Amino acid sequence: AWYVPCLASLETLQELCRKENLRCKSIGITNRSLKSYEVEYLCDYKVEEGKEYYLVKWKGWPESSNTWEPEKHLNCPLLLQNFLSDKNEYLSRVKEGKALKVRNHIKALKPAIADYVVKKAKQRIALQRWKEELNRKKNHKAMILVENTVDLEGPPLDFYYINEYKPAPGINVLNGITTGCECADCPAEKCCPKEAGFILAYNKRKKLKIQPGLPIYECNSYCRCGPDCPNRIVQKGTPYSLCIFRTNNGRGWGVKTLQKIKTNSFVMEYVGEVITSEEAERRGQLYDNQGNTYLFDLDYDSDEFTVDAARYGNVSHFVNHSCDPNLQVFNVFIDNLDLRLPRIALFSTRTIKAGEELTFDYQMKGSIDLTSDSADGLSPSKKRIRTVCKCGAVCCRGYLN
């Protein structure tokens, strides 16, 4: 089903809830906010008769209820810190990033500064809510963080987090599994990979040991082995805490790891809506007009299906391209042996330090041949137009496709 974002503003929803005495935690209307006043953020600043005042947006109340309050009435040191930090950040960017000397005794903020401070406060709240939503919906233990210290961009308005493929009508992504291995201790002679004619993909340390281009066959829901089986890696989800962050070089959103990742480790799956190649061609024409697309051909055995992560996806939706990537694409088969519908897993090609951005080559050769026409910073797509690459790698090819 397609979803339509709510057209009512947050303030309108808050006011309606308050009038009807309704609670809605996701927009800040709780028992506490209905019965008391809690500072949501600070909007402005002024000095009158030697006293400092801040314009307060009260949590759960519309902006029409904002009031000027002396600092002594405010018990919100973090919000005061955010307010001052946002004010100084704006002043430091006024002249192309050249820091300006900030006066300590101003009588009032200029309207442009106050407007920026409010936008940053609203962005901070929106990103926090988005982070909470992502962590509610994910099905793995590791955390997802969100960060934007670059601009005023907020959460994408038309993106819905999913944990696995979302098949279009008529497409069955669970097909072909009727039995599993009988191993008491995988891997054995008749374990799943060997039954499929391939070797076990992982070593004793649960790290990838096969070359790009070879498929991964993991134990499935019919197998006798338990959850600690060494041949159950991708199906457990990403084990690393990741951060969706705003890049500072025009590549949009990106993803960085918050933990060290060792070589040949599973990092994440690429998921989205599974559609036919014909539908992908139609959508691709529409995406071209928007300057971006997220189409990923599942061409391990044939070119019949495509994954579209434009509206439905997980963290991989935000992973950027690099001509010198630290992730590699592999095809995985678990509860579906249909060679036309492999799951797509991303594994580390080297040790990745905590705080380092995660990337993969949209033209990566190996398990899948990818080309891209997406705008810089977007996910892999079908080749349509020639796009300049901004990955910054020494070996950069100059174009994404």
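The figures follow:
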item	result
Top-ranked residue in the range 141-155 [being surrounded by 17 or more Cβ atoms within 10 Å (Cβ to Cβ) and not aliphatic (A, V, I, L, M); ranked as farthest from residue 85 (Cα to Cα)]	155
Pair list, Cβ under 8 Å, 6 or more apart: the range 274-290 residue closer than 11 Å to residue 168 by Cβ and open to solvent by less than 80 Å² (accessible area, probe 1.4 Å), other residue among the polar types (S, T, N, Q) and in a strand (DSSP E or B)	274/306; 275/306; 276/306; 279/306; 280/306
Any pair with Cβ under 6 angstrom, 6 or more apart, that starts in the range 53-67 at a residue that is in the same structural domain as residue 119 (by the TED database) and over 13 Å from residue 34 (Cβ atoms) and ends at one that is basic (Lys, Arg) and buried (at least 18 other Cβ atoms within 10 Å of the Cβ)	66/57
Members of the range 156-175 that are touching a residue at least 60 places away in the same chain (Cβ under 8 Å), closer than 15 Å to residue 280 by Cβ and assigned to a loop (DSSP other than H, G, I, E, B)	165, 168, 171
Any chance residue 338 is among the acidic types (Asp, Glu), open to solvent by less than 10 Å² (accessible area, probe 1.4 Å) and in the same structural domain as residue 213 (by the TED database)	no
Filter result for residue 22 (in a loop (DSSP other than H, G, I, E, B) and either of a type in the set (A, V, I, L, M) or touching a residue at least 60 places away in the same chain (Cβ under 8 Å) (or both))	yes
Enumerated strands (runs of 3 or more DSSP E) restricted to the range 29-72, each holding at least 2 residues that are in contact with a Cys (Cβ under 9 Å, 6 or more places away or on another chain)	39-48, 51-58
Residue 355 being in a loop (DSSP other than H, G, I, E, B), surrounded by fewer than 19 Cβ atoms within 10 Å (Cβ to Cβ) and at pLDDT 95 or above	yes
Top-ranked residue of the range 291-318 - restricted to ones that are open to solvent by 10 Å² or more (accessible area, probe 1.4 Å) and polar (S, T, N, Q), ranked as nearest to residue 241 (Cα to Cα)	314
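The values are calculated or read from the model by the stated rules, or taken from the named source; none is laboratory data. Bear in mind the structure is a predicted one, so any value in this text is a computation, not a measurement. Note that each Cβ is placed from the backbone with ideal geometry, even for glycine, and that neighbours are counted across all protein chains shown. All accessible areas refer to the heavy atoms of the entire protein, side chains included, with ligands and DNA or RNA removed. Shrake-Rupley method; radii C 1.70, N 1.55, O 1.52, S 1.80 Å.
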